[in-house]
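Notes for the one structure printed next.
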Amino acid sequence: MRYIQLRQIKAGLPLRWEQVVQNARNKIAEKMKNARTKARQQGKSLRQTHELVIEARKIAINSRSRIWRMLNKQLAKVSFEKCWYCQSNDIRSPKPVDHFRPKSGVKDDPEHPGYWWLAFSWENFRYACTYCNSAHDNERKGGGKQDHFPILNPTKRQCRPGQLLEEKPLLLDPCQLGDSKLITYDVKRARVIANETICNLPQHSPKGIERAETSIDIYDFNHEPLRRKRETMFDALNQLIIDINEYLLDGFDMNVDRIRRKQEELIDRVRFDSLQYDYNEAAYCYLKAQVDKNPWLETILEEAR
């Protein structure tokens, strides 16, 4: 995970964005009004009427998914087409637009109608790969964020439009400054783990580790296919280090071009704006762990950042 500045999204909003969103909200309000009128004509109870109106709203919102898909390219651009959660750049993944606060219901609170008023709010959009966002089988039989949105104090959950400041998400948010630093990598096992040093700082304590571990589980950062991709990437980094060290032993002057090419590849693997390589934060952590044995890597990391 890497911090994403939301203001970069605002600058690229389509010219007619606000009008499109307002038109959609008007149509949804009309659908809800029609559902209420029909329910009353059929003699439905107040509870039944309410449920039918909520269902009409949900259907009307979901039928307008083209609206948030309008921003797909803009969301992809700010992360160089990588998932905002795990930094995957798998071209086979459609990378749908995720609603950070779910729009149609909350798995962690079955009575909650979802953050329907944020359905068309670009500030609530996140660019996510299939593994992080969608349901898939894993060890806990249900990986992916889906409609999960646990919060620290469930009594503070917002159920209608208004300030969200009292809600404290358990999920790490790539658009929240500092959240991405609460996780790091076990470079020996290629697994994402809580960054206990950062989690225990006063500004994140006492729930920092809980937030990190909850996010690792829900985003399924250690899903085995994803873990293996990081492991393969770590092996490639290790081989680059071995090659450079061998060239250095053979003589810098004789191998200067070979060394430079290998060093440039290391830099490209770490840079967030790399178009060729993904998992750049994991690559940074791996190389950082090798600095003691390979001091020359410090220059690589400085150039990459």
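Structure data summary
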item: Count of the stretch 181-219 residues which are out of contact with any strand residue (DSSP E or B) (no Cβ under 8 Å at 6 or more places or on another chain) and not in a helix (DSSP H, G or I); result: 13
item: Any hit, the stretch 38-45, residues being at positive phi and surrounded by fewer than 17 Cβ atoms within 10 Å (Cβ to Cβ); result: yes
item: Subset of the stretch 9-51 [among the charged types (D, E, K, R) and either within 33 Å of the chain's Cα centre (by Cα) or part of a loop (DSSP other than H, G, I, E, B) (or both)]; result: Lys10, Arg16, Glu18, Arg25, Lys27, Lys31, Lys44, Glu51
item: Wholly within the stretch 220-305, helices (runs of 4 or more DSSP H) carrying at least 3 residues that are under 24 Å from the mean Cα position of the chain (by Cα); result: 224-250, 252-270, 280-289
item: Tally, over the stretch 10-33, of residues that are in contact (Cβ under 8 Å) with a residue 12 or more places away in the chain and surrounded by 13 or more Cβ atoms within 10 Å (Cβ to Cβ); result: 11
item: Hits in the stretch 90-116 - residues which are within 21 Å of Arg227 (Cα to Cα) and buried (at least 21 other Cβ atoms within 10 Å of the Cβ); result: Lys95
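Here, each number is a calculation from the coordinates, and none is a lab measurement. No experiment lies behind these values; they were computed from the predicted model shown. Positions of Cβ are backbone-derived with ideal geometry, glycine not excepted, and every protein chain shown enters the neighbour counts.
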